[in-house]
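Single-structure report; data block below.
The values are calculated or read from the model by the stated rules, or taken from the named source; none is laboratory data. As the structure is a computational prediction, the values presented were derived from the model and not from experiment. Using ideal geometry, Cβ is built from the backbone for each residue, glycine included, and neighbour counts are taken over all protein chains shown. The accessibility values were calculated without ligands, DNA or RNA, using every heavy atom of the protein model including side chains. Shrake-Rupley method; radii C 1.70, N 1.55, O 1.52, S 1.80 Å.
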Amino acid sequence: MSTNDPRNTGDPEIAPSRALANEPAAEVPGLREVTQRYDYRLTPYLQSLLRGRPAHDPLVRQFLPDSRELHALPHERADPIGDIPFSPVKGIVHRYPDRVLLKVAHACPVYCRFCFRREMVGSHGEPLQGAALDCAIDYVRSHPAVWEVILTGGDPLALSPRRLTDVLTRLATISHVRILRIHSRVPIVDPESIDESLTRALKVATPVYVALHINHPQEITEAVVAAIGRLLDGGAVLLSQTVLLRGVNDDAAVLEQLFRRLVTLKVRPYYLHHPDLAPGTSHFRVSIETGQALVHTLRQTMSGLCMPTYVLDIPGGYGKVPIGPEYLGARTSDGRDVKDSRGMSHCYPE
């Protein structure tokens, strides 16, 4: 039975309280405390898209509160990927030599229930503006090894076009910064906001890549396709990142449909993220072995153009590493043992 089958949710024997799309979360017993602990917000577009969907729906699971969010495990962390130890100045995370994160926004138009920065965004975060923004950009300017700046947050595309233009223009004047990348959920959850004024803000001298966060093929509506088209017409290069989520997309057929559709829209699947250890998100996590098996299946059926890299962010800030299935085996007297995508062993002479 598919893991997306509503009869196979993997939930505890006592069903959790979960909001439905047509009722305010604060009115559902047990959810007021969730929405007080973790920010909750939907765009009008998303409210319309979710209306009438059942609690086990893959989109409802992503966006509507669930009482299990109050159940934090001992090994879950408020800063699961280690932003704080690598933040030399406010708004900057400098974990890798050639690139930095610039947390230019602290808010999102929606708050995903599995967010790894749920303790740092929205009401838990602070805006980066004025002298603090100047200091962050000065940090980038004073570190010539920084080749790429990744705008994150919060959601950078939730900023006004005026503020986005200001930040991108200032970064584009730094000669050693050759790539600007924006990570965003906005084109998926508020597609009508991707208008001419926003796409104009992305037109700077430095190449701009936009990584769309999208987890399920049902998120690709006609409005989203139109927003993607406007971004492409504006000159952005589009990537995607997907979080592997139990009960949402932990199914090879669902992932294949998603990645194939993205490629036909000129969006290159970039990362398939193993879920991070954010507090109250254990009900979303699958085992690494499950993820590896899914990727192994996809490798058999899909073009490499459709294949993202399955990655894990090591807790504590040690970085992102690929954790896909292994094909290279032990060294033998004749060479190396290599398995093909069907699991058959072959000798590679060396």
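Quick one: net charge around Gly316, please, counting Lys, Arg +1 and Asp, Glu -1 for every other residue with C-beta under 12 Å from its C-beta. Intermediate results must be reported in sequence, preceding the final value.
Working: positive: Arg77, Arg95; negative: Asp79, Asp83, Asp276, Asp313.
With Lys, Arg at +1 and Asp, Glu at -1, the neighbours total -2.
Taking a ≥ b ≥ c as the square roots of the eigenvalues of the alpha carbon gyration tensor, the range 251-350 is oblate, as a/c is not under 1.5 and a/b does not beat b/c. Under 5 Å from the amide H of Arg95 lie the amide H atoms of Leu101, each residue being 5 or more positions distant or on a separate chain, with H modelled from the backbone and absent for Pro and chain starts.
Relative protection proxy for 44-53, 320-329, 222-231, from highest mean packing down: 222-231, 44-53, 320-329 (other beta-carbon atoms within 10 angstrom). DSSP assigns beta bridges within the chain; of those with both partners inside it, close to 35 percent run antiparallel.
Our note on the geometry: Cα centres of the range 158-186 and the range 41-82, 28 Å apart.
Database remark: amide H of Ala211 closer than 5 angstrom to the amide H of Ile182, His183, Ser184, Leu239 (H placed geometrically; neighbours at sequence offset of 5 or more, or on other chains; Pro and chain starts carry no H). Around the amide H of Gly319, modelled in the peptide plane, lie the amide H atoms of Ile314, all under 5 Å away and 5 or more residues distant in sequence or on another chain.
Can you give the extra length, in nm with one decimal, that the chain gains between Lys266 and Thr173 once fully stretched, where that is 0.36 nm per residue apart less the Cα-Cα distance? Walk me through the numbers before you get to the answer.
Numbers: separation 93, 0.36 × 93 = 33.48 nm, distance 2.84 nm.
Working it through step by step, the gained length comes to 30.6 nm.
Quick check on the chain: helices-only [θ] at 222 nm, where DSSP H runs of length 4 and up contribute -39,500 (n - 2.57) each and the sum goes over total residues. Nearest 500, please.
Details: 10 runs with 92 residues, N = 350.
Calculated at 222 nm, the ellipticity per residue is -7500 deg cm²/dmol.
Given [x] 30, 28, 21; [y] 37, 25, 18; [z] 35, 23, 19 as candidate values of semi-axes √(5λ) of the Cα gyration tensor in Å, which corresponds to the one derived from the coordinates? Answer by label: [x]. Accessible surface of Phe86, taken over heavy atoms with a 1.4 Å probe and every protein chain present, rounds to 60 Å². Taking θ as phi - 60° and the Karplus parameters 6.51, -1.76 and 1.60, the scalar couplings of the range 230-241 work out to 5, 5, 5, 4, x, x, 6, 9, 10, 10, 9, 10 Hz in sequence order, x denoting glycine and proline.
More than 16 angstrom separation, counting every C-alpha pair in the range 124-236; what % is that? Beyond 16 Å sits 60 percent of the P(r) for the range 124-236. For the range 159-172, backbone phi angles converted through the Karplus equation (6.51, -1.76, 1.60; θ = phi - 60°) give residue-by-residue couplings of 5, 5, x, 5, 5, 4, 4, 4, 5, 5, 5, 5, 5, 5 Hz, Gly and Pro being listed as x. Coupling constants for the range 340-350 follow from the phi torsions by the Karplus curve (6.51 cos²θ - 1.76 cosθ + 1.60, θ = phi - 60°), and in residue order they are 7, 5, 9, x, 7, 8, 9, 9, 9, x, 7 Hz; glycine and proline get x. Ignoring lysines fewer than eight residues from Lys320 along the same chain, the ones with Cα atoms less than 20 angstrom from its Cα are Lys103. Share of carbon and sulfur in the accessible area of the chain stands at 54%, probe radius 1.4 Å. Projected label points at Val237 and Glu326, each 7 Å from Cα along the beta carbon direction, are separated by 3.3 nanometres. Taking the average, over residues, of other Cβ atoms within 10 Å as the packing measure, peptides 241-250, 145-154 rank 241-250, 145-154 from highest down. Taken per residue, the accessible surface of the chain reaches 45 Å², heavy atoms only and a 1.4 Å probe.
Since only Ser193, Cys135, Pro88 are under comparison, the one whose Cα sits farthest along the positive direction of the charge dipole of the chain, derived from C-beta charges on Lys, Arg, Asp and Glu, is Cys135.
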